[in-house]
Amino acid sequence: MSTFTLNDLARIVATRAHSGDPGSYTAKLMAKGVSKCAQKLGEEAVETAIAAVEGDRDGVASEAADLLYHLCVLLEASNVPLDEVMEKLAGRTGQTGLEEKASRKAE
């Protein structure tokens, strides 16, 4: 089992995003702005879903890795720390998913 965490990934993305390194894909993607980062996240989400529908277990794992990476890039581009996302998730664990979803409609 890997000890690599989503927090590790977010830290790496943050470092590379602001590195100015012309050889960094993350830096290049960030330079293109939030819209491009969001587009890439959407593409990876679709590719992950397609792999799942096709029953491609390895493909799902690979595409999910890309999806998590692009999510971290979009969070960084949007100035939303991963910890803030995790706090939102933690706050939802005290109720069922259906209760949580219903509560969002009231907001």
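Rule-based calculations on the coordinates, nothing more; no lab input. Keep in mind the model is a prediction, meaning the values are calculated, not measured. Positions of Cβ are backbone-derived with ideal geometry, glycine not excepted, and every protein chain shown enters the neighbour counts.
Across the stretch 6-106, C-alpha contacts under 8 Å between residues 6 or more apart give a mean separation that, scaled by the residue count, equals a relative contact order of 29 percent. The aspartates and glutamates whose alpha-carbon is closer than 13 Å to the alpha-carbon of residue 40, local same-chain residues fewer than 8 away aside, are 63, 66. Here the Gaussian network model covers the chain, with springs between Cα atoms less than 10 Å apart; of 32, 88, 40, 88 fluctuates the most.
At q = 0.10, 0.12, 0.15, 0.22 Å⁻¹, work out log10 I(q)/I(0) for the chain with the Debye formula, treating every Cα as an identical point scatterer and leaving solvent out; two decimals please. Log-scaled intensity ratios, in q order: -0.36, -0.52, -0.79, -1.19.
Taking Cα centre as origin and charging only the Cβ of basic (Lys, Arg, +1) and acidic (Asp, Glu, -1) residues, the dipole magnitude of the stretch 1-54 rounds to 320 debye.
Start at zero, step by 10 Å, and the Cα-Cα distances of the stretch 1-54 spread as 22, 37, 35, 7 percent across the bins.
Cut-off under 20 Å on the C-alpha distance; same-chain residues fewer than 8 positions from residue 101 excluded. Which lysines are left, in chain and number order? Straight-line reach from residue 101, under 20 Å: 88. Does anyone have the angle between helix 82-91 and the longest principal axis of the chain? Alpha-carbon axes, 0 to 90°, nearest 10? Roughly 10 degrees between the two axes. Against the chain, whose longest principal axis is taken from its Cα atoms, helix 6-17 shows a tilt of about 40°.
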